[in-house]
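Q: What follows is a single structure, and I will ask about it in a moment.
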Amino acid sequence: MKKAIFLDRDGVLNEVLSHRVKFVNKPEQLYLLEGAAEAVALFNEAGYEVFGVTNQGGVGLGFMKEKDLHRVHERLQKLVREKGGHITEVAYCPHKPKAGCECRKPNAGMILELAERYDINLSESYMVGDHERDIEAGIKAGCKTAFIGPGPTKADIQADTLWEAAKPILEMQ
């Protein structure tokens, strides 16, 4: 079985609610956070599969079409590759925020589905997010967790950025 790093997208890998972009609904609105792609490359080098797991309620609410979301994720993967990293797959929940689905975080559906499909050992894996719902999803899936940002959290690790979280994650392996 393999180990993995599951990454929330907005606020962990890319800017959201910043001076440049409010929400990422088009590829040209995606700006990687400093050090995020390099952190993905470090995880890859350490033997982790890296996945994106992101709630994208804007699809269900009609703010963007799924084909546009796929184009955003293609750009994300291209930008990460340019820095030597690789994201195996970006899973997403397209449902409205109160749809009650199993895939929307804080539920663990996306993580569990990826783990089954890619033969991932969840107890040796991490869920990294910038909201407590990401941490809850990781805990429900049986992962270790890392929280990006300030404030109280149930996560195993807390850091200001993905780049800063990379070292303690890799030291705990």
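The values are calculated or read from the model by the stated rules, or taken from the named source; none is laboratory data. Just so it is clear, the model here is predicted, and its values are computed rather than measured. Note that each Cβ is placed from the backbone with ideal geometry, even for glycine, and that neighbours are counted across all protein chains shown. Heavy atoms of the whole protein, side chains included, go into the accessibility calculation; ligands, DNA and RNA do not. Shrake-Rupley method; radii C 1.70, N 1.55, O 1.52, S 1.80 Å.
Q: Could you check Ala37 against (1) open to solvent by less than 10 Å² (accessible area, probe 1.4 Å); (2) part of a helix (DSSP H, G or I); (3) touching a strand residue (DSSP E or B) at 6+ places or on another chain (Cβ under 7 Å) and say which number it fails?
A: So the condition that Ala37 fails would be (3).
Q: Restricting attention to the stretch 90-100, which residues are open to solvent by 40 Å² or more (accessible area, probe 1.4 Å) and touching a strand residue (DSSP E or B) at 6+ places or on another chain (Cβ under 9 Å)?
A: Tyr92, His95, Pro97, Ala99
Q: Also, I was wondering about something else. From Lys22, Lys65, which residue is open to solvent by 10 Å² or more (accessible area, probe 1.4 Å) and in contact with a helix residue (DSSP H, G or I) (Cβ under 8 Å, 6 or more places away or on another chain)?
A: Within the list Lys22, Lys65, the selection yields Lys65.
Q: Next question, about the same structure. Please find, among Arg81, Arg104, Arg117, the residue that is basic (Lys, Arg) and farther than 22 Å from Lys140 by Cβ.
A: Arg81
Q: From the list Lys98, Lys144, which residue is at pLDDT 95 or above and of a type outside the set (Val, Ile, Thr)?
A: Working: Lys98 fails: at pLDDT 95 or above.
Just a single option satisfies the conditions, and that option is Lys144.
Q: Of a type outside the set (S, T, N, Q), within 14 Å of the chain's Cα centre (by Cα) and within 20 Å of Asp130 (Cα to Cα) - does that describe any residue in the stretch 52-66?
A: yes
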